[in-house]
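Asks: The structure under discussion is supplied below as structure tokens; questions concerning it will follow.
The values are calculated or read from the model by the stated rules, or taken from the named source; none is laboratory data. Keep in mind it's a predicted model, so treat the numbers as computed, not measured. Note that we place each Cβ from the backbone using ideal geometry, even for glycine, and neighbour counts take in every protein chain shown.
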């Protein structure tokens, strides 16, 4: 029986020394694939290591004083690592974040006291809304502010050279053959490369990169191509970070969003590990690398962060479908526009005899402004926030009224074989399109469903033209 961990005096003392898991359910050819569970850090990710390292380096160098304002640009977990350390040490923290971070991460950051400035994720360096450029401007414009600058901070890779690398070496009993990493700032790859160059030069460094990032192609050709877009958070770049030393990377794998997300969801189902989206990229690349080997090797990769911060995205079937992922079948008609199909039990609804308290609770819970009213398998009507307000504005007792007394029973149904123009005609009249035919009710089409469908079509055409 393993000994229990000793009592610690600070939450920061639990950063590092994370456990390692041998996978058993994936086909890894002749190899042994090990996962270092960085999700077990107190802030939930590998970035706790550099959050502590960079702040403590600034303290040691006299660059920050008690109560100082720290500024950083982060597209992932570095912000959480910094927020954890800053809150513990009493620093103010402003984070500039591209608008693709999960809501769970944003809520976590705000709970730690970080000031969040949201900016665009679709612009590159040189644009005033580019997250790194904006963070630098905020620092310049704020007297006494200190820019952490993870992309050019030597304390970033040093954290992995001094802690992550030695831990891997000891946990594998000095028998590791390859390490698979992603690159965001480049700290993990650079720090581990330096460590293993000294203690075990035979260890291969493998890059896992999202499709759309320029890094994998740079490793292969030494040329920086044109960046695309990707859904995976925290790894992949449209430039080569200043601290990223990719000279020891011997192979790189470009992993699509679909493969990454399918892989990380499989990790939960097959191994019981709840991990974030970037873990899917790393694990998919590690599996590919393992299957290419002719001889047994011990390969290490990372569970970079906990999946608890992605429940509204990666582990949400409807979010996956909204991104065109998850394998939902297509029909070639209006059913493809329905984001919450009735036959999947996904329509958020109330029954005619439900009280308005239920209507209100479900609108709040699911953050919607209208609900279908279903009498068994039949659409009885629709109730929206306007109906609710009209019913209850004269007194709280109205919340006990049944939905049937306030719902709109005159709903507009549309055959799934109808055209988009007919859908728009219904929406333009201020209603929603209820899709049904002789086989039954399929679901509701709202304005945002049409926008999302058109966005996916636009993205598909761009991919075909590329």
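For (1) loosely packed, with under 14 Cβ neighbours inside 10 Å; (2) without any contact (Cβ under 8 Å) to a residue 60 or more places away in the chain; (3) in contact with a strand residue (DSSP E or B) (Cβ under 6 Å, 6 or more places away or on another chain), each residue gets a yes or a no:
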| site | (1), (2), (3) |
| --- | --- |
| 346 | no, no, no |
| 404 | no, yes, no |
| 423 | no, no, yes |
| 450 | no, no, no |
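Asks: Then there's this: Can you spot a residue in the range 231-245 that is farther than 25 Å from residue 120 by Cα and in contact with a helix residue (DSSP H, G or I) (Cβ under 8 Å, 6 or more places away or on another chain)?
Replies: For the range 231-245, residues farther than 25 Å from residue 120 by Cα and in contact with a helix residue (DSSP H, G or I) (Cβ under 8 Å, 6 or more places away or on another chain): present.
Asks: Counting just the residues of the range 15-39 that are under 14 Å from residue 283 (Cβ atoms) and assigned to a loop (DSSP other than H, G, I, E, B), which one comes out farthest from the chain's Cα centre (by Cα)?
Replies: The selected residue is 31.
Asks: Any idea which residue in the range 82-102 is surrounded by the fewest Cβ atoms within 10 Å (Cβ to Cβ), counting only those that are in contact with a helix residue (DSSP H, G or I) (Cβ under 9 Å, 6 or more places away or on another chain) and closer than 22 Å to residue 231 by Cβ?
Replies: 102
Asks: Here's another thing I want to ask about it. Counting residues that are within 23 Å of residue 318 (Cα to Cα) and at pLDDT 85 or above, which helices (runs of 4 or more DSSP H) fully inside the range 344-440 reach at least 2?
Replies: Here the list reads 356-366, 420-428.
Asks: To continue, here is another question. Could you grab me the full set of residues in the range 210-220 that are in a helix (DSSP H, G or I) and surrounded by 16 or more Cβ atoms within 10 Å (Cβ to Cβ)?
Replies: Scanning the range 210-220 gives 215, 216, 217, 218, 219.
Asks: Among the candidates 21, 70, single out the residue that is modelled with pLDDT of 95 or more and surrounded by 19 or more Cβ atoms within 10 Å (Cβ to Cβ).
Replies: So the residue among 21, 70 that is modelled with pLDDT of 95 or more and surrounded by 19 or more Cβ atoms within 10 Å (Cβ to Cβ) is 70.
Asks: Which residue pairs have Cβ atoms under 8 Å apart, sit 6 or more places apart or on different chains, and have a first residue in the range 60-77 that is at positive phi and in the same structural domain as residue 88 (by TED's automatic domain parsing) and a second that is surrounded by fewer than 12 Cβ atoms within 10 Å (Cβ to Cβ) and at pLDDT 95 or above?
Replies: If the second residue must be surrounded by fewer than 12 Cβ atoms within 10 Å (Cβ to Cβ) and at pLDDT 95 or above, the pairs left are 67/90.
Asks: Being within 24 Å of the chain's Cα centre (by Cα) and surrounded by 24 or more Cβ atoms within 10 Å (Cβ to Cβ) is the requirement here; does residue 241 meet it?
Replies: no
Asks: Of all residues in the range 116-136, which are under 20 Å from residue 91 (Cα atoms) and either under 20 Å from the mean Cα position of the chain (by Cα) or loosely packed, with under 14 Cβ neighbours inside 10 Å (or both)?
Replies: Correct list: 116, 117.
Asks: Same structure, new question: If we only count helices (runs of 4 or more DSSP H) wholly inside the range 145-209, which ones have 3 or more residues that are out of contact with any strand residue (DSSP E or B) (no Cβ under 9 Å at 6 or more places or on another chain) and surrounded by 23 or more Cβ atoms within 10 Å (Cβ to Cβ)?
Replies: Passing ranges, in order: 155-159, 187-199.
Asks: Same structure, new question: Check the range 221-234 and report whether any residue there is modelled with pLDDT of 95 or more, surrounded by 19 or more Cβ atoms within 10 Å (Cβ to Cβ) and not in a strand (DSSP E or B).
Replies: No: the range 221-234 contains no residue that is modelled with pLDDT of 95 or more, surrounded by 19 or more Cβ atoms within 10 Å (Cβ to Cβ) and not in a strand (DSSP E or B).
Asks: Hey, another quick one. Quick test for you: out of 361, 409, 397, pick the one residue that is surrounded by 11 or more Cβ atoms within 10 Å (Cβ to Cβ), over 21 Å from residue 427 (Cβ atoms) and either without any contact (Cβ under 8 Å) to a residue 40 or more places away in the chain or not assigned by TED's automatic domain parsing to the domain that holds residue 441 (or both).
Replies: 361
Asks: For residue 239, only one of the following conditions fails: (1) free of Cβ contacts under 8 Å to residues at least 60 places away in the same chain; (2) farther than 18 Å from residue 462 by Cβ. What is its number?
Replies: Unmet for residue 239, out of (1) free of Cβ contacts under 8 Å to residues at least 60 places away in the same chain; (2) farther than 18 Å from residue 462 by Cβ: (1).
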